[in-house]
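As structure tokens, the structure follows; a few thoughts come after it.
Every number in this text was worked out from the coordinates using simple rules, so none of it is lab data. Please read all numbers here as calculations on a predicted model, not as lab measurements. Positions of Cβ are backbone-derived with ideal geometry, glycine not excepted, and every protein chain shown enters the neighbour counts.
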Amino acid sequence: MSSADRSNGTDRHPTPEYRWYSTPWHTHAVARIDYLQSQFDEERTLANGDHDTRDLIDSASEILAKARASAAKHSPLGASKEHTWTSIHAAEILLFQISIDGNGFHRRAATIPNLLRYLGPSFQHREKIEEICARSMDAEAPPSPQEREALLGALIEAYRNRDREFVRIRNITITLFVSTFLTFVLAAALPLLLWSGLLAPLDLCFAPTGGPVCASGVHGLTQVGSIKDVVLIEACGILGATLTALLSLHEWRGTVTPYKIQLASASLKIPSGALSAVIGITMIRAGFIPGLTDLDSSTQILAWAIVFGASQHLITRLVDNRIRDVLPDENGSSAKP
């Protein structure tokens, strides 16, 4: 950026075009970038001949330009989202630093207590920082140099904790999507393994008085199961898992994170239901469930497959509970650190 551009308050970085689609996080990020740039432009006009402040503003403008470029990208693993919000937080810290070092801190002091929630209850100097902010709202009582250093340190720690929280949520989201893919592959491989003969001992049929009964109907005495039976049982397991996924929607809540962690958790239930159905029917066939031995009809087999598919919620709800613990709500606060 040339000195002429800096003095005029313009940014020569090319502005990427908006994507052909826009998600809520992208819209929020671009709006935040535009707002911060306007604040830096205002600080530039107030800086007069302060070269140090202008250098900070130029650095912040470059950070915002990189954030805007990252927001226009699409990264399947969320790296561009993480870079976007980390850059936005860095620019916000610079904005507070300029305000603290200047005479306009009282205009931004009211927003600091809202950021302190990211420090967690273990932060020792919270009351002191809140007291400084309350007193600094008066333009006639600016913070002392020691108080400015304490405020800036608290803000840096708050944004660092928020960035760590986003990284943790991103890692959990990636883990859930990978687990969903692997579980789906395993569920899809069961019929192929049965067809290849590797799972020939797998017997999903029952032998009541009327003859062998499988999920697809009554078979002859020489047939104990087929690929069709496995597919039907998995399909019923998926049906049961889908019902539990729909019922869990009422527990979803709005979040400020750009990652689809709740969708990843719901997606994991679907292939898990297919595997749970096959495992459950196998356990009944092996006599591991007291009171259940032979099922008398294919309808009973399919009904129990639906029940076992829904029962995957007993395991996946542990994942849901963990997500609720780490996921911040609309106000940005997590249930647990």
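A few comments on the model shown:
- Model label sites at ASN48 and ALA79, defined 7 Å from Cα along the beta-carbon direction, differ in position by 4.7 nm.
- Sequence of TRP195, TRP25, TRP252, TRP85 once ranked by neighbouring C-beta atoms within 10 Å, starting from the fewest: TRP195, TRP252, TRP25, TRP85
- Ranked for footprinting exposure by Cβ neighbours inside 10 Å, fewest first, HIS74, HIS313 give HIS74, HIS313.
- Sequence-distant contacts, meaning Cα pairs under 8 Å at least 6 residues apart, place the relative contact order of segment 169-326 at 31 percent.
- When LEU202, LEU182, LEU64 are sorted by how many other C-beta atoms sit within 10 angstrom of their C-beta, beginning with the fewest, the order is LEU182, LEU202, LEU64.
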